[in-house]
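Asks: Pasting in a structure now, in structure tokens, and then I'll have a few things to ask.
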Amino acid sequence: MFPPIPNPSVASDAATPRFGEKDILRRSASEVTPPAQRLTEVAKLIDVSKCIGCKACQAACLEWNNLTEEIGFNHGVYTNPMDLTPDTFTLMRFTEWVNPETENLEWLIRKDGCMHCEDPGCLKACPAPGAIVQYSNGIVDFQHDNCIGCGYCIKGCPFNIPRISKVDHTAYKCTLCSDRVAVGQGPACQKACPTQAIVFGTKDEMKDWAELRITDLKSRGFANAGLYDPPGVGGTHVMYVLHHADTPSIYAGLPDNPRISPLVDAWKGVTKYVGLAVMGFAAAAGFLHYVVAGPNKVSEEDEENAERLADGTPPPAPPAGLQEGRTP
Amino acid sequence: MSAGNLKSRHQQPTPDDVEPGDSVRPGHPVQVSRYTVAARINHWVTALSLILLALSGMALFTPSLFFLTGLFGGGQWTRALHPWIGVVLFFSFAGLFLRFWKANLPAREDGTWLARISDVLRGREERLPEIGKYNAGQKFVFWGMSGLIIVLIASGIAMWDQYFYAFTSIEQKRVAVLVHAVAAVCIICVWIIHVYAAIWVKGTIGAMTRGKVTGGWAWRHHRKWLRELVGTRPGKRPPTPAE
């Protein structure tokens, strides 16, 4: 058993946040000087092989974050609601999968939610300064005061996590309980989990713990058991132990090789710089042309010719040699 | 329009580039009506929309211009208003399109005009063919704007999450934001060309403000059009007082 996080101290200084503004590693649409010293990276480890699908984590998340999900419909499956919403930061996704090797039905249950990427696509896509921050302990958090509700984070995210609220038009997702972690607690979902399928600690501790679990699973015949810490996004601060780590997508569409979409990279990278340069060049070319060529003015002669034409007196024929290309 | 069209039924047909309301009034200088009041209002509604769209769009395009959201009442307001201004632009430009598309059809002299683009840029218009109501550059602006506005409204709707989130996949939305950004850069460049040409070619802006240009301006820049207007003038010369 992984040693549980002790209950909070009741000492008067225990509620002082252990990280904050000074620990911001990345800030959306802003340049920040990274903190000189990085906090120990934290991580949540979700061991799908130990999950019993009780949804205690889902309930604890609603409770801690003071969220009320709309009463929905029973679609005949355990997954409820059917997708993440602005009020459902974490969702148990249930998949009935027939293992082709054993012909056994396997009930795959994955707790979906923000992965807290080391290279967050949402933060990269966000146009609003400070609406998304990444703390040096790895937590990616949305700052609702700065959010403008554009939904660019949805396009940036490789895991399809953020949702825009129709109530306040800002984006919502799992905070990794940054408020709890700041005072030395684990996330609410981890606290509620009855089987220790969710554990929380430093990222190194979690990797070590995952190693033990994977060894155990392999000894039980799950040859492809492994850790899901996808390198395409620089690793994540929410990791899974999967019994079929060779095919993450069987777990309700967990991306096999997540990375920030090249379209988002192009949009936020080359398009921005080339676009601004091209527009600047067009304006500068106009200015330069005016300086060099001077204004294109109508002459007195032009006015006289027009008057003759309007009066019916034939204006002088144009100079010879310039007729070609004219319409008859 | 009715008088011109009725007449043309018996005489030669009205050329494509003569639009309703285009007319010549002799005098010193000759006055040429180029745009009706309705066309001008239509133009300026479109122009204002495009400028507001460029400002709000640039604010969301690059963090260094995010401060422009202040003009619209902050980030949330900018995000909410930008698509609606786009809808205004789309319909307003549709009005311009219906007014101007015929006069912007390709003409034979456009090729020569383009081939002599260096003379155009040097302002040596005596070396250019006689041009109808619009030259090839103006036609480029017209068709460029038309095409880009279609692309922008289509990609814009795909990324208008407030109302249309459910209609596209996230991958399609990613394509849409990239296409929208590239098309926006293009249309701003076309707009720069359009505005610069109006500033460079003196006497042009009056066409879109008072609706008139001088005969000399029309002679210099759109002589074919001027000839057509003189040719289709009812009763020709001399003008009767009633006209």
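The values are calculated or read from the model by the stated rules, or taken from the named source; none is laboratory data. All figures in this text were calculated on a predicted structure; none of them were measured in a lab. Note that we place each Cβ from the backbone using ideal geometry, even for glycine, and neighbour counts take in every protein chain shown. We work out accessible area using only protein heavy atoms, side chains counted, and drop any ligands, DNA or RNA first. Shrake-Rupley method; radii C 1.70, N 1.55, O 1.52, S 1.80 Å.
Asks: Counting pairs of Cα atoms in region A:21-259, how many percent are more than 32 Å apart?
Replies: Distances greater than 32 Å cover 17 percent of the Cα pairs.
Asks: For chain A, set up a GNM with springs between Cα atoms under 10 Å and report which of A:E303, A:E63, A:E101 has the largest fluctuation.
Replies: Maximum fluctuation in the GNM of chain A, among the listed residues, is at A:E303.
Asks: May I pose another question? Which residue, A:D13, A:D23, A:D83, tops the fluctuation ranking in a GNM of chain A built on C-alpha contacts under 10 Å?
Replies: With Cα springs under 10 Å in chain A, the top fluctuation among A:D13, A:D23, A:D83 is at A:D13.
Asks: As a test of reading the structure, rank A:D216, A:D179 by solvent-accessible area (1.4 Å probe, protein chains only), most first.
Replies: Per-residue accessible area, sorted high to low, gives A:D179, A:D216.
Asks: List, in order, the whole-Hz ³J(HN,Hα) value for each residue of region A:143-160 obtained from phi through the Karplus relation with A = 6.51, B = -1.76, C = 1.60 and θ = phi - 60°; use x for Gly and Pro.
Replies: 9, 5, 5, 9, 6, 10, x, 6, x, 5, 4, 5, 6, x, 6, x, 10, 6
Asks: What Kirkwood radius, in Å to one decimal, follows from the Cα pairs of chain B?
Replies: Final number for the Kirkwood radius of chain B is 20.1 Å.
Asks: Given points 7 Å out from each Cα along the Cα-Cβ axis, report the A:E21 to A:T33 separation in nanometres with one decimal.
Replies: Those two pseudo-labels are separated by 1.5 nm.
Asks: From the phi of every residue in region A:233-239, what ³J(HN,Hα) in whole Hz does the Karplus formula 6.51 cos²θ - 1.76 cosθ + 1.60 yield, where θ is phi - 60° and glycine or proline is x?
Replies: After applying 6.51 cos²θ - 1.76 cosθ + 1.60, I find 10, x, x, 10, 9, 10, 10 Hz.
Asks: Just counting partner chain Cβ atoms within 10 Å, what average do the residues of peptide B:200-209 show around their Cβ?
Replies: What the average comes to for B:200-209 is 2.
Asks: Evaluate the relative contact order of region A:1-153 (contact order divided by residue number), counting alpha-carbon pairs under 8 angstrom at least 6 apart; express in whole percent.
Replies: 27
Asks: What 222 nm value per residue comes from the helices of chain B, counting each DSSP H run with n ≥ 4 as -39,500 (n - 2.57) and dividing by all residues, nearest 500 deg cm²/dmol?
Replies: -20500 deg cm²/dmol
Asks: Would you grab the residues whose amide H sits under 5 Å from the one on A:I132? Only those 5+ places off in sequence or on another chain, please, with H modelled 1.01 Å from N.
Replies: When sequence neighbours closer than 5 places are left aside, the close amide H contacts are A:S28, A:Q143.
Asks: Using alpha-carbon pairs under 8 Å, 6+ residues apart, how would you state the relative contact order of region A:61-219 in percent?
Replies: 16
Asks: Oh, and also: In terms of modelled amide H atoms, which long-range or inter-chain residues lie less than 5 Å from the amide H of A:A197?
Replies: Counting only residues 5 or more places away or on other chains, the set is empty.
Asks: Provide a whole-number value for the mean count of partner chain Cβ atoms within 10 Å of the Cβ atoms in peptide A:217-226.
Replies: Mean inter-chain Cβ contacts per residue within 10 Å come to 0.
Asks: Further question: What accessible area per residue comes out for region B:117-243, rounded to a whole number of Å², with a 1.4 Å probe?
Replies: Result: 45 Å² per residue.
Asks: May I have the pair-distance distribution P(r) for region A:271-311, computed from all Cα-Cα distances with 5 Å bins from 0 and rounded to whole percent?
Replies: With a bin width of 5 Å, the distribution comes to 5, 19, 13, 11, 10, 10, 10, 8, 6, 5, 2, 0.
Asks: Rank A:R26, B:R116, A:R220 by accessible area, highest first, at a 1.4 Å probe radius?
Replies: From most accessible down to least: A:R220, A:R26, B:R116.
Asks: Then there is this: Name the long-range amide H neighbours of B:Q31: under 5 Å, sequence gap of 5 or more, or other chain; modelled H, no Pro or chain starts.
Replies: Here B:R25, B:G215 satisfy the definition.
Asks: If r is the Cβ-Cβ distance from A:L276 to B:V88 and R0 is 35 Å, what FRET efficiency results, to the nearest 0.05?
Replies: 0.85
Asks: Follow-up. Please report the accessible area of A:T90 (heavy atoms, 1.4 Å probe, ligands and nucleic acids excluded) in Å², nearest 10.
Replies: 10
Asks: What's the average, rounded to a whole number, of partner chain beta-carbon atoms within 10 Å of each residue's beta-carbon in A:156-165?
Replies: 1
Asks: Starting at the first residue of region A:188-197, write each ³J(HN,Hα) from the Karplus equation 6.51 cos²θ - 1.76 cosθ + 1.60 with θ = phi - 60°, in whole Hz, x for Gly and Pro.
Replies: 4, 5, 5, 4, 7, 5, x, 10, 6, 5
Asks: Now, a different point. When the C-alpha atoms of region A:68-146 are aligned to their principal axes, what extent does each axis show, in angstrom, from largest down?
Replies: Principal-axis extents of the Cα atoms in region A:68-146, largest first: 51, 34, 20 Å.
Asks: Considering the Cα positions of region A:173-328, please state its Rg to one decimal place and its Dmax as a whole number of Å.
Replies: Both quantities, over Cα of region A:173-328: 35.9, 105 Å.
Asks: So, one more: How many Lys pairs in chain B lie less than 15 angstrom apart by Cα atoms, where the lysines are 8 or more positions apart or on different chains?
Replies: Value for chain B: 6.
Asks: One-quarter of the Cα convex hull surface for the protein assembly as shown, in nm²?
Replies: 36.2
Asks: On to the next question. Please compute the modelled spin-label separation between A:Q196 and B:F97, points set 7 Å along Cα→Cβ, answer in nm with one decimal.
Replies: 6.6
Asks: Please work out how much accessible surface A:D256 shows to a 1.4 Å probe, ignoring ligands, DNA and RNA, in Å² rounded to 10.
Replies: Roughly 80 Å² of A:D256 is accessible to a 1.4 Å probe.
Asks: OK, next. Given a 1.4 Å probe and the protein chains all in place, what does the accessible area of B:L71 round to, in Å² to the nearest 10?
Replies: That residue has around 120 Å² of solvent-accessible surface.
Asks: Heavy atoms only, 1.4 Å probe, whole protein assembly: order A:K207, A:K44, A:K166 by accessible area, highest first.
Replies: A:K166, A:K207, A:K44
Asks: Tell me, what is the per residue accessible area of chain A in Å², probe radius 1.4 Å?
Replies: Solvent-accessible surface per residue comes out at 49 Å².
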